[in-house]
Structure formats: structure tokens, C-alpha cells
1. Work out how much length Asp139 to Lys41 would gain on full extension: take 0.36 nm times their residue separation and subtract the Cα-Cα distance, in nm to one decimal.
2. If you find the alpha carbon centre of region 165-197 and of region 79-156, how far apart are they in angstrom?
3. Per-residue HN-Hα couplings for region 13-19, Karplus 6.51 cos²θ - 1.76 cosθ + 1.60 at θ = phi - 60°, whole Hz, x for Gly and Pro?
4. What are the ³J(HN,Hα) values, in whole Hz, obtained from phi via the Karplus relation 6.51 cos²θ - 1.76 cosθ + 1.60 with θ = phi - 60°, for each residue of region 21-30 in sequence order, with x given for Gly and Pro?
5. For region 85-201, what relative contact order do you get, as a whole percent, if you take Cα pairs closer than 8 Å and at least 6 residues apart?
6. Any idea what the relative contact order of the chain is, in percent, if you count C-alpha pairs under 8 Å spaced at least 6 apart?
7. Considering only protein heavy atoms and a 1.4 Å probe, what is the carbon-and-sulfur percentage of the accessible area of region 3-199?
8. Give a quick list of chymotrypsin sites (Phe, Trp or Tyr not before Pro) in region 15-99 that DSSP marks as loop, anything other than H, G, I, E or B, with at most 16 other Cβ atoms within 10 Å.
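The values are calculated or read from the model by the stated rules, or taken from the named source; none is laboratory data. Keep in mind the model is a prediction, meaning the values are calculated, not measured. Every residue, glycine among them, receives a Cβ derived from its backbone with ideal geometry; neighbour counts consider all protein chains shown. These area figures cover heavy atoms from the full protein model, side chains too; ligands, DNA and RNA do not enter into them. Shrake-Rupley method; radii C 1.70, N 1.55, O 1.52, S 1.80 Å.
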Amino acid sequence: MSKIKICGMQRAEDILAANKARPDFVGFIFADFDRHYITEKQAREFKSLLSSDIKSVGAFVDAPIDHVIKLLNDGVIDLAQLHGNEDEQYVRTVMEKTHKPVINATGVKKPEDINKVISSCSDFILLDAPGGCTGNTFDWNLIKEIHRPFFLAGGINVTNIESAINRFHPYSIDLSTGAETDGKKDPAKMMELVKLARKTG
Ligand SMILES: O=C(O)c1ccccc1N[C@@H]1O[C@H](COP(=O)(O)O)[C@@H](O)[C@H]1O
């Protein structure tokens, strides 16, 4: 069954809505240029409110590696999602110093973009539209045989989540914009998306 991650938690009420909807993962964004950016203090508060059976994923874009390692080792996040140009050495160091799962993300515009991460030493890879949190899908025809667990992201919403799961059977769906109304997480959409993922997976 494909899992589901809802990314970009910004308010305590988003966490309470997640606790009701019960996705497998929620995402905290630590990229300070991004509209979903939260501070370490907020992330600690959100983690304390989050149900223990929902894992927290920290998403980083070329962050100082010590920050990623600290948040993992402090238990603020359970997995790290590397969404920038982090190289294999960076990925390996995070894994060795934390023994926590790492997701290596890539924006997909051409087949070589998938080749960039396909043999990464990370635990998971993540395929997204270039940019992150664009609300756009990428060309799914670029996805050929992938023989490792992967997260599928980019413009997934209530209209296409079922076809994404049925067509690719990803380890997990990952979405942000599709669970929002007017730029804020929408509890009804979160609930519906989790229901569709469970029904389809
Ligand atoms: O969510 C963000 O704001 C974000 C910022 C920087 C890097 C990644 C980010 N999120 C990731 O974006 C995709 C999905 O976005 P959408 O559903 O198309 O809005 C997903 O991988 C999120 O984890």
C-alpha cells in the first residue's frame, strides 16, 4: 500500500488536523526562503503535538549539514528530505551520523534528472516537479522502471492521487499544495487525500 506524506505544516492547527487525518508522514520545511519555512522552535512544538504514529520529515535545501544532523539526533524529525543539490558525501554523512532514513529528492524535467538519484546511497529517492512545492506535476512518462522505494511528488491532489498510485505504486505519495485552500492547509482536503490513498493503495 502506498503511504502518504503531507508536507508544509505551518500552524499548530495543521498538526491537529494531521492527527485526525492520519497521514504516514508530515513535512516541516527548513528552507528559510520558502513560504512554508518554520523555525526549529516551531518544529519542536509541532513534534510534541504530533501523534507518535505519524513520522515527521524535515525538508532541507542545501542546509548546513550540522543542522540536519542535530534535528535528526534530537528527534525533532524522524527522516531528512534533501531537496537541493546535496551530493553523495553529504547524504552518506547524514546517514552515518544519525542512523536515520534519508530521502534524496530531484526535480524531474528530463530522464537524466531521475538518473541523478536512482543509485543514490539514500534510503529513498523522491521525484518532484523542479522547484519544490510548485503545485505542478512533471511529465510522468519520464518515470520508467524504478526498482527501489520512491516518493512521488509534484502537483498531486484529489483529482490525480488515485491514478498516481495505480500507475506507479510509489512507496509514498508526497504533496503540499493539493492539501491547501488559499495557501493554508485545509483539514477537509487532508482527510480526503488520506482516505483516497488508503482506498487506492
Ligand atoms: O513544501 C515546500 O514548501 C517545499 C519547499 C522546498 C522544498 C520542498 C518543498 N516541498 C516539497 O514539494 C513537493 C510537493 O509540492 P506540491 O504538492 O507540488 O505543492 C513535495 O516533495 C514536498 O515535500
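1. Working: separation 98, 0.36 × 98 = 35.28 nm, distance 3.73 nm.
Working it through step by step, the gained length comes to 31.6 nm.
2. Region 165-197 and region 79-156 have Cα centres spaced 18 Å from each other.
3. Running phi through 6.51 cos²θ - 1.76 cosθ + 1.60 with θ = phi - 60° gives 5, 5, 5, 5, 5, 5, 4 Hz.
4. Running phi through 6.51 cos²θ - 1.76 cosθ + 1.60 with θ = phi - 60° gives 6, 6, x, 7, 9, 10, x, 10, 9, 10 Hz.
5. Details: 183 pairs, mean separation 21.9, N = 117.
Computed over region 85-201, the figure is 19 percent.
6. Working: 407 pairs, mean separation 42.3, N = 201.
Computed over the chain, the figure is 21 percent.
7. Numbers: 4560 of 8970 Å².
Of the solvent-accessible surface of region 3-199, carbon and sulfur hold 51 percent.
8. Working: sites: Phe25, Phe28, Phe30, Phe33, Tyr37, Phe46, Phe60, Tyr90; in loops: Phe30, Phe33.
When the chymotrypsin sites (Phe, Trp or Tyr not before Pro) of region 15-99 are filtered for loop state and at most 16 Cβ neighbours within 10 Å, Phe33 remain.
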